[in-house]
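Taking it in order: structure first as structure tokens, then the write-up.
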Amino acid sequence: MDVGNTVSADVAGATEEGVSLEPVGATGTVARSEAAGTPERTGAPVAAAEPEAGDVPETAVEEGRGRPANPVALLLSWSGEKRSWYVASVLLAVIGVAGSIVPYFAVGQMIAGVLAQTRDFAFYLGWCGIAAAGYLIYIICHNASTTLSHKATFATISKVRRRLADKLTRVPMGYVLDTPSGKLKNIMVEKVDSIETTLAHVVPEMTSNLLVPIAVIVFMFTLDWRMALIALVTLPIGFICYMGMMRDYASWYEKTVQAGEEMSAASVEYVGGIEVIKAFGQSASSYEKFSNAVTRYARSFIDWMHHCQIFQDGGLAIWPATLVTVLPAGCFFVMEGTLDPATFVMVAVLSLGIFPPLYAAMSFIDSLAQIGTVVEQITGILDVPEQRRATSPAATDGTRIELENVRFSYGREEVVHGIDLTIEPNSVTAFVGPSGSGKSTLARLIAGFWDASSGAVRIGGVSVNDMPPSQLMDLVSFVEQDNYLFDDTVMENIRMGKPGASDSEVIEVAKQSGCYEFIESLEHGFETVVGGSGGHLSGGERQRIAIARAMLKSAPIVILDEATAYTDPENEAVIEAAVGKLVAGKTLIVIAHRLSTITDADSIVVVADGRIEAQGTHGELLATCPLYAHMYEAHIDAKDAA
């Protein structure tokens, strides 16, 4: 699959269109080794990345410079211009909760009127009206507050998801390949979703539910400080129970997070490998692995609840029992003549209004405790060092490719050792070598999927690090054996090669690439949805669409991981013809698996153990390079045997 402008579309499409994010690189495909399609060992370079100048404000926050220590403050900083909506939401919530306390006060006044033998019906009717008005204020303000906070929150969630998707396009491909797809999907979907509770509910509702009880308690102190203190007796006892429930919260929650990630990874692995599992009769053992992961996830919550259940029950029984202390103490003070009966009734009624909003606020403590872990996981992605790229286009001189003393390390292990190579414009160069020799890594360094640990990779005399990503991707198309198609129409999958291309341009390039006929034979033609990963199409059909996409892009440099390696003879001829049109007048780099297909190449580069073993034409290498001669002979013998 070609890269170019499709890089951002690949990852953003995965999040915006609901496609689960697989372990993909900048090409949208899993990097494959030359042998049997197994994932090739890949990784991030040692060198650190430079942030893009255009992203200074956000990047500074992402990389920890000036980042608020409080997770909620960090979430609010991500909300940007929507922060004012949260302020308005909090104010409305405070007014709403204050309105919900008014009926308690109104009831107290009416009971006091009964005790004072007030017989004026208008008195009671007026207080009923005040209670109804308070409740109406609560309903209106609560709904308005919730609407504002949710609109701001979903805008923030969208922004965070887009930032994560954009970040994945700027990090080395090795990071994406080395991170389990289930973990990335879990963070970008479930974990980002989980911040909705904190932002949409905790910020406005917890704030208001804490402020209003404080106001009620202050008012009770103005009525009678003794009764106010007595009304608060159950609160510290309840807090002690709550503290017991929250003991070791971080470790318990971390266990559930880890179990959830393992379950998510097991789910993705099981579904993704179901064909292999069935083919080799491994369904029982593989299902057991998935079942055990699900059981561990459920067990982590059951054990946690067992740990805190007795404390939770005690707290919920003691906290709201304010009348247990208020009634006997109030009756005693009234009989002693030190407390007015009306004040006693008012305090008793108001004491009933302390716990409900406090409990509502406490119910969000769980979300606050979890949000730290969630934000840490999100920032864990945002903090990954980015590739070094310029922000403004560089003036290139042609498309000559030069590698000068290029080294590349996977972690601490160097896998490319001091490569020097020049590839002339409009030439055909083939990379050959044993599996794991480093030829795919070289191609990806040229395409800019990774940065060299040292040395320089230049195109047109300019280092790829001195080009913005858009310029580099305009220069290079990358077509792999196993190309990723998104769960969209054929038309849109081809159009990814050149966003903004007209339908007629897409149709024309489909004709040139030899896939127009089979596309038209589909149920809905170009509007046929190809399914997740292009699952509704055959491997050859997916490959032809990928080549059409690369042709539409029309980059001057084409890197081709042998497109016909796993296709049937019928598709092979069509694909080879399409490839011939794709590379006409362009610089072609072929990662060759079948040596018989590259005998006419202008230059063949033999790669072994991360070094260039030899370079020359087919005839020259047969005579001077024993490794190449042995590989070619083995290939011909295998071909003849087949």
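Bear in mind these aren't lab numbers, they're just calculated from the coordinates by the rules spelled out. All figures in this text were calculated on a predicted structure; none of them were measured in a lab. Cβ atoms come from the backbone with ideal geometry, glycine included; neighbour counts cover every protein chain shown.
Please list, in order along the stretch 592-598, the HN-Hα scalar couplings obtained from phi with the Karplus expression 6.51 cos²θ - 1.76 cosθ + 1.60 (θ = phi - 60°), rounded to whole Hz, x for Gly and Pro.
Running phi through 6.51 cos²θ - 1.76 cosθ + 1.60 with θ = phi - 60° gives 8, 10, 10, 5, 5, 8, 10 Hz.
Given 0.36 nm per residue, what is the gain on full extension from Glu620 to Glu413 after removing their alpha carbon distance, in nm?
Stretched fully, the Glu620-Glu413 segment lengthens by 71.2 nm.
For a Förster distance of 22 Å, can you work out the FRET efficiency between the beta-carbons of Leu229 and Glu336, rounded to the nearest 0.05?
So the FRET efficiency works out to roughly 0.85.
Can you give the FRET efficiency for Asp609 and Gln512, using 1/(1 + (r/R0)^6), R0 = 60 Å, r = Cβ-Cβ distance, to the nearest 0.05?
0.90
Rounded to the nearest 0.05, what FRET efficiency is calculated for Glu505 and Asn143 with R0 set to 30 Å and r the Cβ-Cβ distance?
Computed FRET efficiency for Glu505 and Asn143 comes out at 0.05.
In whole percent, what relative contact order does the stretch 87-235 give with Cα contacts below 8 Å and a gap of six or more residues?
Dividing the mean separation by the residue count of the stretch 87-235 yields 36 percent.
From the backbone phi of the stretch 407-414, what are the Karplus-calculated ³J(HN,Hα) couplings (6.51 cos²θ - 1.76 cosθ + 1.60, θ = phi - 60°) in whole Hz, Gly and Pro given as x?
10, 9, 10, 9, x, 8, 9, 7
Determine the alpha carbon to alpha carbon distance for each of Lys159/Lys498; Lys151/Lys191; Lys191/Lys498; Lys167/Lys439; Lys183/Lys511 and list only those over 29 Å.
Beyond 29 Å between Cα atoms: Lys191/Lys498; Lys183/Lys511.
Could you work out the local net charge near Trp252, counting Lys and Arg as +1, Asp and Glu as -1, over the other residues with Cβ closer than 15 Å to its Cβ?
Once positives and negatives cancel, what remains is 0.
Just subtract the alpha-carbon distance of Met305 and Arg594 from 0.36 nm times their residue separation and send over the number in nm, one decimal.
Computed gain between Met305 and Arg594 is 98.1 nm.
Label points 7 Å out from Cα along the Cβ direction at Phe290 and Phe121: separation in nm?
With each label point 7 Å from Cα toward Cβ, the separation is 7.0 nm.
Out of every Cα-Cα pair in the stretch 483-560, what percent are more than 19 Å apart?
24 percent
Give the separation of the Cα centroids, the stretch 435-484 to the stretch 373-421, in Å.
Each part's Cα centre sits 9 Å from the other's.
Give the distance, in whole Å, between the Cα centre of the stretch 583-612 and the Cα centre of the stretch 110-176.
Taking the Cα centre of each part, the stretch 583-612 and the stretch 110-176 sit 65 Å apart.
Take Glu492, Glu527, Glu413 and order them by how many other Cβ atoms sit within 10 Å, fewest up front.
Glu413, Glu527, Glu492
Using per-residue counts of other Cβ atoms within 10 Å, averaged over each peptide, order 193-200, 517-524 from highest down.
In decreasing order of mean packing, 193-200, 517-524 become 193-200, 517-524.
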